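Enquirer: Take a look at the following structure, please.
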Amino acid sequence: MLLGVNPVPWARSQMAFTLGAHIILVPLGVAWAFMAMIANWRAIKRDDADALLLAQRWSKYMAVTFAVGAVTGTVLTFEFGLLWPTFMGRFGAAFGIPFAVEGLFFFAEAIFIAIYIYGWKRMKPWPHFWTLVPIIISGIGGTVSVVAANAWMNDPGGFTLNSSGQVTNVHPWSVIFTSAMPYEALHMVLAAYLVGGFLIASVYAAGMLRGRRDRYHRLGFIIPFTVAAIATPLQMLVGDSLARYVYNNEPTKFAAIELVPKTSSDVPETLLGHLNSNGTVTGGIKIPGLASWLSDPSTGKSTVVQGLNAFPTSGEPTVREVNTVHLAWDIMVGLGTALTLLAAWYGASWLFRRRMPQSKIFLWLAAASGIASIIALEAGWVVTEVGRQPWIVVNYLKVQNAATTNGGVWITFLVITALYLAVGTTLVTVMRRMSKRWRAEVDLDESEVPYGPRPEPEKVLVP
Amino acid sequence: MSTAVAVVLFFGVTTYAVFGGADFGAGFWDLIAGGADRGARPRALVDHSIGPVWEANHVWLIFTLVVLWTGFSAAFQSIMLTLFVPLTLAALGIVLRGSSFAFRKSVSTTSARRFAGALFATSSVLVPYCMGAVAGAIASGRVPAGGVAGDWWSSWTGPTSILGGVLAVAVCAYLASTYLVADAIRFGDADLAGYFRRRTLVAAILTGAIAFVGIFVLHNDARYIYDGLTSRALPVVILSALCGAGSLWFTMRDRHSLARPLAIGAVAAVVIAWGVAQWPYLLPQTLKVSQGAAPDPTLWSILVVFVLAAVLILPSLALLYYLDQRSALGVDEAAGAPAISVARSAQPPGPR
């Protein structure tokens with residue numbers, strides 16, 4: 001094999017890194033079209049020039065982020081095979097089905113983003129407006145498909161194995177609609193709208209803090225922030241149901257989330273803290289009985305929560321993995337709670353004063369909400385992925401047995417990390433430069449963004 | 001059933017070769033266009049001609065990969081294990097190409113544009129070479145069945161892989177130049193049309209020569225494919241040769257609107273001939289299509305998605321190409337059309 005370094009940790013790192021990078025672009029691809037739709041609707045309905053400008057500029061940012069997201073998504077497709085060939089070889093017949101569906105949505109989204117950008121000068125306003133609908137639907141459809149594949153890994157079903165472990169029959173419907181799928185899919189779609197909303201709004205909040213408090217900036221803030229502020233409390237409710245689903249169906253993950261070493265009732269909710277290798281929990285703040293109560297409010301404190309000792313394979317998940325899951329959970333829920341409070345502040349201000357909060361503190365917090373929501377998103381991803389360890393397909397295939405045997409993965413990890421850092425930096429630089437050009441009142445033609453129409457030939461061929 | 005999905009799979013491969021190939025080939029001409037001054041005009045044409053959704057052509061690649069791993073998981077596993085190096089290089093090349101696509105239009109400084117352009121052009125050659133080498137490795141039976149890895153290096157550096165890689169690069173260049181000639185004529189630039197006409201002729205002859213030499217390579221290195229090409233795939237081979245010769249003839253006679261479809265036909269026929277020659281094997285002489293296929297319900301799902309894609313995607317693509325051909329509304333229509341004025345410009349709509 002190529003340069004005999006154990007590929008498993010490198011394959012895990014590469015997959016985690018590339019997925020972690022891709023997931024930041026997902027909310028923009030999924031949710032931005034919806035915000036553009038609000039702005040575009042306002043523009044046509046109320047002859048609102050600021051809203052029109054926003055929709056036009058957003059569509060151009062969307063094209064850039066979507067093009068980069070398409071690339072990082074293509075890499076993931078390769079990686080399923082390059083890094084996890086045994087996983088694909090054994091379960092591709094089931095796992096591949098949601099991805100086939102996803103391909104359909106991805107293609108539709110790419111085409112309609114191009115149509116929308118072309119349409120600014122080539123279609124009438126209302127038909128042009130409606131071309132946003134397929135983008136929004138395919139964004140949600142694509143998310144649901146990919147998350148369905150992930151839910152299947154957590155809760156595999158819809159297939160029959162023979163004695164040698166080969167898939168001999170498949171029920172496509174049951175592969176897609178596993179019991180985990182509705183919770184996970186809704187959680188991710190809401191996450192996309194939440195992160196997308198806070199992220200876009202945070203840019204305008206930063207602009208307002210620098211004194212750009214004109215109507216254009218206010219609108220650029222209000223549209224995405226309102227979407228995020230509505231999505232956040234809903235997300236907390238869905239997250240709560242998902243946690244209860246995990247309690248019922250993925251007890252190992254739940255034990256790691258709640259940091260429960262031994263099965264018992266009256267389990268405290270431990271904030272922070274960590275598990276020691278001897279099975280004790282130190283540090284952190286314990287809220288008596290809360291974990292039991294949240295797991296099943298109907299039985300309250302007497303609800304029994306299975307501890308890590310209840311699971312047959314000792315040392316799996318490892319103590320480090322358990323601590324990672326628990327910390328990630330705390331970060332996700334902590335930031336989610338903070339964002340809910342911020343959303344409540346915003347909502348209260350609209351309710352009582354009929355305007356958004358004006359104070360600098362609010363704007364500072366709003367400017368930080370984009371990064372905070374991304375951290376929460378990544379933390380949630382860590383909970384579901386590290387929480388599944390040591391399995392790649394729960395109870396069927398372990399991660400270490402699914403990985404490639406190519407010893408050169410450490411090289412591809414280093415190369416792809418460097419490449420992604422360069423691409424990420426360039427993406428931010430390019431978007432900032434676009435915004436600077438616009439502030440300098442230089443308009444950017446549609447032909448200057450990816451997926452945009454071709455420039456007029458005479459502009460091109462004049463030397 | 002598995003046959004139908006194998007056909008769908010090869011449809012994806014062929015479409016990627018034809019559409020993606022033209023994009024890669026445009027990058028090839030960009031790469032060898034010479035210094036900044038001399039190459040400026042051909043590069044400008046390349047830049048302009050690369051279609052509106054060219055990076056969307058990777059959808060065909062994703063489609064092929066997903067159909068392969070879903071429908072023929074065992075073969076996918078073997079291919080990915082064995083051909084780790086060329087496939088990784090291809091993936092990296094796609095990242096570079098895709099990123100330069102995303103950014104090239106948005107960066108404004110000349111040096112940044114040149115850097116993005118260089119990345120784009122280099123990876124445009126790297127990716128088809130690797131893909132061709134992968135095809136050669138599979139065709140010459142260097143990918144073992146049974147989910148085990150073949151040799152990580154010699155599996156894709158054999159004669160058939162080199163043939164596949166070089167042929168892929170040549171084919172891409174050939175496809176792209178036939179398109180670029182037609183585009184140059186459309187813009188009334190006779191100089192540039194002549195420039196790409198010469199290159200089309202050279203590329204056509206070279207591609208034909210490589211294919212001819214390839215027959216001897218296959219005879220010694222991939223006997224099963226050679227036997228297939230000279231028996232059941234022979235009609236397709238002849239069709240490809242006829243299309244190629246016809247395309248060359250029409251290029252010389254400056255009938256470029258006929259040359260281009262014939263060139264596409266020649267390339268598509270080469271890919272299809274490979275598939276027919278390899279039949280009934282996914283991995284020649286170790287894994288048959290029928291042996292390596294997923295259970296029927298999975299294959300049905302793939303076919304359903306394929307049909308849905310045809311029903312939903314084709315009309316959308318048609319709309320996009322229609323918009324591409326249509327000039328901007330605002331330019332032609334009278335300024336008095338209020339419905340359009342909103343969308344036409346970033347300025348506030350004027351008084352009605």
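The values are calculated or read from the model by the stated rules, or taken from the named source; none is laboratory data. Because the structure is a prediction, the values reported are computed rather than measured. Because the Cβ atoms are built from the backbone with ideal geometry, glycine has one as well, and the counts that use them run over all protein chains shown.
Enquirer: Can you confirm whether B:D30 is part of a helix (DSSP H, G or I), touching a Pro at 6+ places or on another chain (Cβ under 8 Å) and farther than 30 Å from A:N169 by Cβ?
Expert: Yes.
Enquirer: Just give me the residues in the stretch A:288-314 being exposed (fewer than 12 other Cβ atoms within 10 Å of the Cβ), farther than 25 Å from A:E385 by Cβ and of a type outside the set (S, T, N, Q), in sequence order.
Expert: A:P297
Enquirer: In addition: For the stretch A:98-125, which positions are facing chain B (nearest Cβ under 8 Å) and farther than 30 Å from B:L299 by Cα?
Expert: A:A114, A:I115, A:Y118, A:G119, A:W120, A:K121, A:R122, A:M123, A:K124, A:P125
Enquirer: Quick check: anything in the stretch A:106-128 modelled with pLDDT of 90 or more and out of contact with any helix residue (DSSP H, G or I) (no Cβ under 9 Å at 6 or more places or on another chain)?
Expert: No - not one qualifying residue is present in the stretch A:106-128.
Enquirer: Do we find that A:V246 is within 30 Å of A:S359 (Cβ to Cβ) and either at pLDDT below 90 or of a type in the set (V, I, T) (or both) in this structure?
Expert: Details: within 30 Å of A:S359 (Cβ to Cβ): no; either at pLDDT below 90 or of a type in the set (V, I, T) (or both): yes.
Judged against the criteria, A:V246 is not a match.
Residue by residue, here is whether (1) in contact (Cβ under 8 Å) with a residue 40 or more places away in the chain; (2) part of a helix (DSSP H, G or I) holds:
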position: B:I138; (1), (2): yes, yes
position: B:D151; (1), (2): yes, no
position: B:A173; (1), (2): yes, yes
position: B:A176; (1), (2): yes, yes
position: B:G194; (1), (2): no, yes
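Enquirer: Please go through the stretch B:103-121 and give me each residue that is at pLDDT 80 or above and under 14 Å from B:V46 (Cβ atoms), ordered by number.
Expert: B:A118, B:F120, B:A121
Enquirer: To continue, here is another question. Within the stretch A:58-66, is there a residue that is touching a residue at least 12 places away in the same chain (Cβ under 8 Å), at the interface with chain B (Cβ under 7 Å from one of its Cβ atoms) and closer than 23 Å to A:M181 by Cβ?
Expert: Checked against the condition, which is being touching a residue at least 12 places away in the same chain (Cβ under 8 Å), at the interface with chain B (Cβ under 7 Å from one of its Cβ atoms) and closer than 23 Å to A:M181 by Cβ, the stretch A:58-66 yields no hits at all.
Enquirer: Only one residue in B:L119, B:L61 is at the interface with another protein chain (Cβ under 8 Å from one of its Cβ atoms) and surrounded by fewer than 23 Cβ atoms within 10 Å (Cβ to Cβ), so which one is that? Even if it seems obvious, please write down each step before you answer.
Expert: Values: B:L119 fails: at the interface with another protein chain (Cβ under 8 Å from one of its Cβ atoms).
Selected residue: B:L61, the only one of B:L119, B:L61 that is at the interface with another protein chain (Cβ under 8 Å from one of its Cβ atoms) and surrounded by fewer than 23 Cβ atoms within 10 Å (Cβ to Cβ).
Enquirer: Related question: Mind telling me which of the residues A:N162, A:N150, A:N169 ends up being away from chain B (no Cβ under 14 Å) and not β-branched (V, I, T)? Even if it seems obvious, please write down each step before you answer.
Expert: Details: A:N162 fails: away from chain B (no Cβ under 14 Å); A:N169 fails: away from chain B (no Cβ under 14 Å).
Exactly one residue qualifies, and that residue is A:N150.
Enquirer: Here is a further query. Looking only at the stretch A:239-292, how many residues end up being among the charged types (D, E, K, R), within 16 Å of A:W329 (Cα to Cα) and in a loop (DSSP other than H, G, I, E, B)?
Expert: 1
Enquirer: Restrict the check to the stretch B:301-323 and report whether at least one residue is part of a helix (DSSP H, G or I), surrounded by 17 or more Cβ atoms within 10 Å (Cβ to Cβ), more than 9 Å from chain A (Cβ to nearest Cβ) and in contact with a strand residue (DSSP E or B) (Cβ under 9 Å, 6 or more places away or on another chain).
Expert: no
Enquirer: Within the stretch A:315-322, does at least one residue satisfy the condition of being surrounded by 14 or more Cβ atoms within 10 Å (Cβ to Cβ), of a type in the set (A, V, I, L, M) and within 30 Å of A:R388 (Cβ to Cβ)?
Expert: yes
Enquirer: Just checking, does the stretch A:126-138 include any residue being farther than 25 Å from B:H58 by Cβ and at the interface with another protein chain (Cβ under 7 Å from one of its Cβ atoms)?
Expert: The answer is yes; a qualifying residue exists.
Enquirer: Here's a follow-up. Starting from the stretch A:149-167, take each residue that is closer than 22 Å to A:Q389 by Cα and list its partners that are charged (D, E, K, R) and assigned to a helix (DSSP H, G or I), counting only C-beta distances under 7 angstrom and pairs at least six apart or across chains.
Expert: Note: pairs meeting the criteria are A:N150/A:E184; A:A151/A:E184; A:G165/A:R90.
Enquirer: For the stretch A:72-91, give me the residue count where each residue is at the interface with chain B (Cβ under 7 Å from one of its Cβ atoms) and among the aliphatic types (A, V, I, L, M).
Expert: Selection size over the stretch A:72-91: 3.
Enquirer: Of the residues A:T263, A:T270, which single one is surrounded by fewer than 20 Cβ atoms within 10 Å (Cβ to Cβ), under 27 Å from A:W391 (Cα atoms) and of a type in the set (V, I, T)?
Expert: A:T263
Enquirer: Of the residues B:L229, B:L234, only one is aliphatic (A, V, I, L, M) and in contact with a helix residue (DSSP H, G or I) (Cβ under 7 Å, 6 or more places away or on another chain); which?
Expert: B:L229
Enquirer: Follow-up question, since we're still on this one. So is A:A16 surrounded by fewer than 21 Cβ atoms within 10 Å (Cβ to Cβ), closer than 26 Å to B:V67 by Cα and more than 7 Å from chain B (Cβ to nearest Cβ) or not?
Expert: yes
Enquirer: Determine which single condition B:A294 fails, assuming it passes every other condition in (1) assigned to a helix (DSSP H, G or I); (2) within 19 Å of B:L68 (Cβ to Cβ).
Expert: (1)
Enquirer: Just checking, which of B:A75, B:A36, B:A56 is part of a loop (DSSP other than H, G, I, E, B) and either within 13 Å of chain A (Cβ to nearest Cβ) or modelled with pLDDT of 90 or more (or both)?
Expert: B:A36
Enquirer: Mind telling me which of the residues B:D227, B:D254 ends up being farther than 30 Å from A:F91 by Cα, outside any helix (DSSP H, G or I) and not polar (S, T, N, Q)?
Expert: B:D254
Enquirer: Continuing with this model, one more query. Show me the helices (runs of 4 or more DSSP H) found entirely inside the stretch A:115-227 where at least 1 residues are surrounded by fewer than 20 Cβ atoms within 10 Å (Cβ to Cβ) and hydroxyl-bearing (S, T, Y).
Expert: Answer list for the stretch A:115-227: A:172-176.
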